[in-house]
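Okay, structure first, notes after.
The values are calculated or read from the model by the stated rules, or taken from the named source; none is laboratory data. All figures in this text were calculated on a predicted structure; none of them were measured in a lab. Cβ coordinates were reconstructed from backbone atoms using ideal geometry, including for glycine residues, and neighbour counts include every protein chain displayed. In case anyone asks, the SASA skips ligands and DNA or RNA and just uses the protein heavy atoms, side chains included. Shrake-Rupley method; radii C 1.70, N 1.55, O 1.52, S 1.80 Å.
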Amino acid sequence: MDIKATERKWQLRWEKAKLHQFDEKSDKPKYYVLEMFSYPSGAKLHIGHWYNYGPADSYARYKRMKGYNVFQPMGFDAFGLPAENYAIKTGVHPKDSTEKNIETMEKQLRAMGAMFDWSAEVKTCEEDYYKWTQWMFLQLYKKGLAYRKEAPVNWCPSCQTVLANEQVVNGACERCSSPVVRKDLTQWFFKITEYAEELLSGLDGLDWPEKTKNMQRNWIGKSTGCEIDFTAESGDNIRVYTTRCDTVYGVTYVVLAPEHPLARKLTTPEHLAEVEAYIDSAAHANEIDRLSATREKTGVFTGSYAVNPVNGRRIPVYLADYVLASYGTGAVMAVPAHDERDFAFATKYGLPIEKVIECPSGETVLPYCEDGIMVGSVQFDGLIGQEARDSVSAYIYKLGKGGKKVNYRLRDWLVSRQRYWGAPIPVVHCPKCGVVPVPEKDLPVKLPYDVEFRPDGKSPLAKHEKFMNTTCPNCGGAAMRDPDTLDTFVCSSWYYLRYADPDNDRAPFSREAADKLLPVDTYVGGAEHACMHLLYARFFTKALRDMGYLDFDEPFKRLVHQGVILGPDGNRMSKSHGNIVSPDDYVEQYGADAFRLYLMFGFSYTEGGPWNDDGIKAIAKFMERVEKLVLKIDGYKKPKEQERYGAEEKALDYARNFAIGRVSRDMEAFSFNTAIARLMELTGALAKYEALPEKNIALMKETAKDLVLLIAPCAPHFAEELWEEIGDGDFVVEHDYPVEDPAKLVLDEKEYAVQVNSKIVTRTMIANGLSNEEIEAFARELPEVKARMEGKTVKKCVVVPGRLVNLIVG
RNA sequence: GCCGCUGUGGCGGAAUCGGCAGACGCCUCAGACUUAAAAUCUGAUACCCGAAAGGGUGUACCGGUUCAAAUCCGGUCAGCGGCACCA
């Protein structure tokens, strides 16, 4: 088979027949298969793209042959830093490089033979897309889910931009690894925390990898505790949050975050200088230092005292940067006896340590941080754990000093970027009216082409006067645009919705189109998005639902992560490791089908692993073998009227139906390597049968057809080419997938493992349909069994039908 | 430190519910075809002892439950991923 000619031929024919477009009129059930769209980078498709899109496309094809009306779109996540960085380096405009890259990638994706519905293609950098991204922003703003606030943000001095929490890795920029510093800026946020509880509880019903769900649970970080008011002597109220209110009688001081609003107010004049110095150094400490858990605790006494509401005890108020301003109330009660951090701090600063929890078993070694028996706590003495906490929090509530409280670690999503290559934020800053959203009719706020993107700490757009100077939609006076653009994760939070209605120019999508095609039935993509894209997209879906634009709660019903293909040396493929393997040479030599088959066969799909190409020749050989065999069988004369159907035929029929059942099951489960293995077995069985002197030609032809149909999703061009020879004239991908015939899987006899005292002594064929007693009797008569039974009796017999018989003798 | 995952031949990896460990493939070896090689085909291929028949040991390690454990339970070790002062 001329591989290249075959691939071209079928790609053209598929395109001409518009075979991969979603069929609006079909009455088959819809099935939405989605792969995470890709960033249009300059390089060609790498192995990761092939590994994600190839097998996932085979899954889509499988679903189609199983009778679904499959929708599988593709597009480009086209805004983002790399294009801008490339522009800074080379002077090529991000728009130009991005468009060129998209063109190349589209071509390559078509060459893969994937059945993407290109009529629904989405490119996030195009006006008719980002117009609606801006629209999304406005809806969230209207709903009170987008707000602006001055906040300490993660600032990358090298990229000259603010980073989301998720883009900071170990205190360094995810992209360039420069240390991240803190800086105060007025920024836009999305109130994702408003949905924290639903984002958490919604995970339970999703068919997602447990690992990913767990990561999101962790990220959301729900904690149930208690808020307690400590009254300062100044009269100010210091509210703290704790998960261990059962230790409240052991509080020996209170700690505020340096950024706490009361920090300065509570400081007495003689401590002011020291406190100011501490607050200042905390503000300038970079994130690496501050986030390091092993770092020695630092803090400073404010000079004031507060009162513990449960026992009236007077305790000092400290500032320390081990308390985070952004979590809970920004203040904690310190119980050094039962918290490691408080213990370390109290030890360093000579503060009292008082035990109020007793270890239920053995000696109590401080700090003791587990649940235990309350002591020294008046009426609560003797209570343990959750019961203790419930009682104490109820008491605090009764005192009017706080009560039960749920907190989440999840922070609001910072979406402002001081960058050029993104969707402009559609608001105007008016000296009279303040922040004014751009009216929807004026969207899109167009991203100008002629900008200076060299970074100098200002947003590139801020330097573009024509863009910046505008009039206030409210009062008509002179006003300025917002110079920032939106995080690209905003663009990718709703693209799966736009696919459903890509040409709509009156709305991002119609509700009918979205409700018809969504949610996505199976979503395939990398695990690295667990706490970013996948969380943001869920948030968008829920927010849009609450605004009445959608009628479902979750965007992605089933999620599958492909593994990562590493370099041959076991490291991540990267230029710096010099271990990048290009798919091109393989595709050139063996063809797209063989390469796709090998990716499916050589790895466990969700695991991935180091690249090695040892098996790719074997795959090419396998395809050749199938081709020769199928064509040879096709060449046999039409069958005679009555053909033999004996033991060999039964065996072939068994192999055929076994393969059908197992391949179907494996495809459904993304267990592609075993699916291909079963196809190899069937090929072997068919070849063995074909070599017999006498054979049932009709059965052989049917089996060959099934073989081609079973392979079709995995090697699409190859299968079309064979199907053209042996099939019924239609496209193979439009044909129904074979269905197993259970009757053909019932054999007259099965091989049993025969065990004596759980050790295998022999294997034997035993006829189907015998009772357990009959099987036992049969087994007892076997010579291998008899030899081991002399002078002994059978005490017990375990029969696993069709598998084994175990005689316990003694 | 916390949460999660993984550990199976020389290699990639299989093994619904606990039921014949090592499917399928690579590598290697032997044989057939060939003057020869390549290609192709056939067979062998977990490890140890043994010429063989056969016997023994094996799913990171230690222990437990069970007629039966790669699979379940407890502990240990190693690797990977995530979170990381969240009170």
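Of note:
- Any chance A:Trp50 is closer than 21 Å to A:Leu559 by Cβ and in contact with a helix residue (DSSP H, G or I) (Cβ under 6 Å, 6 or more places away or on another chain): yes
- Selected residue (criterion: least open to solvent (accessible area, probe 1.4 Å)) from residues of the stretch A:515-532 that are part of a helix (DSSP H, G or I) and farther than 24 Å from A:Trp413 by Cα: A:Leu517
- On the stretch given as the stretch A:624-669, residues that are assigned to a loop (DSSP other than H, G, I, E, B) and away from RNA strand B (no atom under 16 Å from the Cβ) total 12.
- Hits in the stretch A:98-153 (condition: open to solvent by 40 Å² or more (accessible area, probe 1.4 Å), within 25 Å of A:Ala712 (Cβ to Cβ) and among the polar types (S, T, N, Q)): A:Ser119
- Condition check for A:Tyr305: open to solvent by 20 Å² or more (accessible area, probe 1.4 Å), over 26 Å from A:Leu410 (Cα atoms), hydroxyl-bearing (Ser, Thr, Tyr) and in contact with a Lys or Arg (Cβ under 7 Å, 6 or more places away or on another chain): yes
- Qualifying residue in the stretch A:479-487 (condition: at pLDDT 90 or above and at positive phi): no
- Only a single criterion out of (1) assigned to a helix (DSSP H, G or I); (2) more than 26 Å from the chain's Cα centre (by Cα); (3) buried (at least 19 other Cβ atoms within 10 Å of the Cβ) is not satisfied by A:His20, namely (1).
- Residue, nearest to A:Glu624 (Cα to Cα), within the stretch A:584-607, restricted to residues that are touching a residue at least 60 places away in the same chain (Cβ under 8 Å) and surrounded by fewer than 21 Cβ atoms within 10 Å (Cβ to Cβ): A:Tyr590
- Filter pass, A:Arg572 being modelled with pLDDT of 95 or more and of a type in the set (Lys, Arg): no
- When residues in the stretch A:566-583 are screened for being closer than 22 Å to A:Ile619 by Cβ, open to solvent by less than 30 Å² (accessible area, probe 1.4 Å) and in a loop (DSSP other than H, G, I, E, B), 2 of them pass.
- Within the stretch A:555-594, the residues that satisfy the criterion of being in contact with a helix residue (DSSP H, G or I) (Cβ under 6 Å, 6 or more places away or on another chain) and under 30 Å from A:Glu198 (Cβ atoms) are A:Pro555, A:His561, A:Gln562.
The rows are residues; the columns are (1) more than 22 Å from A:Ala196 (Cβ to Cβ); (2) in contact (Cβ under 8 Å) with a residue 60 or more places away in the chain; (3) open to solvent by 10 Å² or more (accessible area, probe 1.4 Å).
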| site | (1), (2), (3) |
| --- | --- |
| A:Tyr499 | yes, yes, no |
| A:Pro502 | yes, yes, yes |
| A:Ser510 | yes, no, yes |
| A:Ala513 | yes, no, yes |
| A:Leu534 | no, yes, no |
| A:Met547 | no, yes, yes |
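- Set A:Ala277, A:Ala257, A:Ala232: member being within 30 Å of A:Glu358 (Cα to Cα), surrounded by fewer than 21 Cβ atoms within 10 Å (Cβ to Cβ) and either touching a helix residue (DSSP H, G or I) at 6+ places or on another chain (Cβ under 7 Å) or of a type in the set (Gly, Ala, Ser) (or both): A:Ala232
- Residues within the stretch A:729-760 that are among the β-branched types (Val, Ile, Thr) and away from RNA strand B (no atom under 15 Å from the Cβ), tallied: 3
- The residue that is surrounded by the most Cβ atoms within 10 Å (Cβ to Cβ), counting only those in the stretch A:315-325 that are under 20 Å from A:Thr224 (Cα atoms) and either within 7 Å of RNA strand B (Cβ to nearest atom) or basic (Lys, Arg) (or both), is A:Val323.
- Set A:Val581, A:Val564: member being closer than 28 Å to A:Ser492 by Cβ, in contact (Cβ under 8 Å) with a residue 40 or more places away in the chain and under 22 Å from the mean Cα position of the chain (by Cα): A:Val564
- Members of the stretch A:621-672 that are open to solvent by less than 20 Å² (accessible area, probe 1.4 Å) and hydroxyl-bearing (Ser, Thr, Tyr): A:Ser664
- Hits in the stretch A:92-137 (condition: part of a helix (DSSP H, G or I) and polar (S, T, N, Q)): A:Ser97, A:Thr98, A:Asn101, A:Thr104, A:Gln108, A:Ser119, A:Thr133, A:Gln134
- Output for the stretch A:739-794, where each listed residue is in a loop (DSSP other than H, G, I, E, B) and closer than 30 Å to A:Tyr62 by Cβ: A:Val739, A:Glu740, A:Asp741, A:Val746, A:Leu747
- Restricting the first member to the stretch A:204-221 and to residues that are part of a loop (DSSP other than H, G, I, E, B) and within 9 Å of RNA strand B (Cβ to nearest atom), and the second to residues that are modelled with pLDDT of 90 or more and open to solvent by 60 Å² or more (accessible area, probe 1.4 Å), the beta-carbon pairs closer than 7 Å and six or more apart or on different chains are A:Gly221/A:Arg409.
- Tally, over the stretch A:382-400, of residues that are part of a helix (DSSP H, G or I), of a type outside the set (D, E, K, R), open to solvent by less than 80 Å² (accessible area, probe 1.4 Å) and in contact with a strand residue (DSSP E or B) (Cβ under 8 Å, 6 or more places away or on another chain): 5
- Residue in the stretch A:278-285 that is of a type in the set (Ser, Thr, Tyr), more than 14 Å from RNA strand B (Cβ to nearest atom) and in contact with a Pro (Cβ under 9 Å, 6 or more places away or on another chain) present: no
- Tabulated pairs, the stretch A:352-365, first in a loop (DSSP other than H, G, I, E, B), second at pLDDT 85 or above and basic (Lys, Arg), C-beta under 9 angstrom, 6+ apart or interchain: A:Thr364/A:Lys355
- Considering the stretch A:235-248, the residues that are surrounded by fewer than 23 Cβ atoms within 10 Å (Cβ to Cβ) and in contact (Cβ under 8 Å) with a residue 12 or more places away in the chain include one that is farthest from RNA strand B (Cβ to nearest atom), namely A:Asp236.
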